[in-house]
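Engineer: Below: one structure in structure tokens.
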Amino acid sequence: MQATESATPLFIDTGAFYARMDEDDAHHARATAVTVLHADEPLFAATCEEFFRYDDQEISLVDHATGVLADDRDVEHVFTFDPDDFRTLGFTVVPDDTGEV
């Protein structure tokens, strides 16, 4: 399937990948997978900065890494089943905020 110019970039949280792989997961039927991005040292440093910036929140280091990767790529929508964390980080949550999937 080719992307079109009108397609909205979407970053997918790890919970969606888990749901895609686990047929018993409650979200399995709604989950899809896309390109996997790999972490490097600059990503880790930026993730740690964000983690400490939000030290009053209980957002995981992995969710912060997701946010940094998405933000670096100008992605505004995150497919996740942890909507509160990503709203706090300033993202629009799919499917909860958009009704899409």
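Engineer: Which of the numbered conditions does F81 fail, given that it passes all the others? Conditions: (1) under 15 Å from A16 (Cα atoms); (2) surrounded by fewer than 18 Cβ atoms within 10 Å (Cβ to Cβ).
Structural biologist: (2)
Engineer: What are the pairs with Cβ atoms under 7 angstrom where one residue, in region 18-33, is free of Cβ contacts under 8 Å to residues at least 24 places away in the same chain and the other, located anywhere, is among the polar types (S, T, N, Q) and not in a helix (DSSP H, G or I)? Sequence gap at least six, or different chains.
Structural biologist: Pairs found: R20/T32.
Engineer: To continue, here is another question. Checking C48 against (1) in contact (Cβ under 8 Å) with a residue 24 or more places away in the chain; (2) over 17 Å from R87 (Cα atoms); (3) surrounded by 14 or more Cβ atoms within 10 Å (Cβ to Cβ): exactly one of these is not met. Which one?
Structural biologist: So C48 meets the others, but not (1).
Engineer: Here is a list: V93, V62. Which entry is modelled with pLDDT under 95, outside any helix (DSSP H, G or I) and among the aliphatic types (A, V, I, L, M)? Outline the logic, then answer.
Structural biologist: Working: V62 fails: outside any helix (DSSP H, G or I).
Exactly one residue qualifies, and that residue is V93.
Engineer: Among the residues that make up region 41-53, is at least one of them part of a loop (DSSP other than H, G, I, E, B) and either modelled with pLDDT of 95 or more or out of contact with any Lys or Arg (no Cβ under 6 Å at 6 or more places or on another chain) (or both)? Working first, answer last.
Structural biologist: Here is the first cut: in region 41-53, the residues part of a loop (DSSP other than H, G, I, E, B) are none.
For region 41-53, residues part of a loop (DSSP other than H, G, I, E, B) and either modelled with pLDDT of 95 or more or out of contact with any Lys or Arg (no Cβ under 6 Å at 6 or more places or on another chain) (or both): absent.
Engineer: Check T98, T88 and return the single one that is among the polar types (S, T, N, Q) and under 19 Å from H28 (Cα atoms).
Structural biologist: Numbers: T88 fails: under 19 Å from H28 (Cα atoms).
Going through T98, T88 in turn, the sole match is T98.
Engineer: In addition: Can you find a residue in region 21-31 that is modelled with pLDDT of 90 or more, among the small types (G, A, S) and not in a helix (DSSP H, G or I)?
Structural biologist: Yes, the conditions are met somewhere in region 21-31.
The values are calculated or read from the model by the stated rules, or taken from the named source; none is laboratory data. From a predicted model like this one, the values you see are computed outputs, not experimental measurements. As a convention, Cβ positions derive from the backbone with ideal geometry for all residues, glycine included, and neighbour counts pool all protein chains shown.
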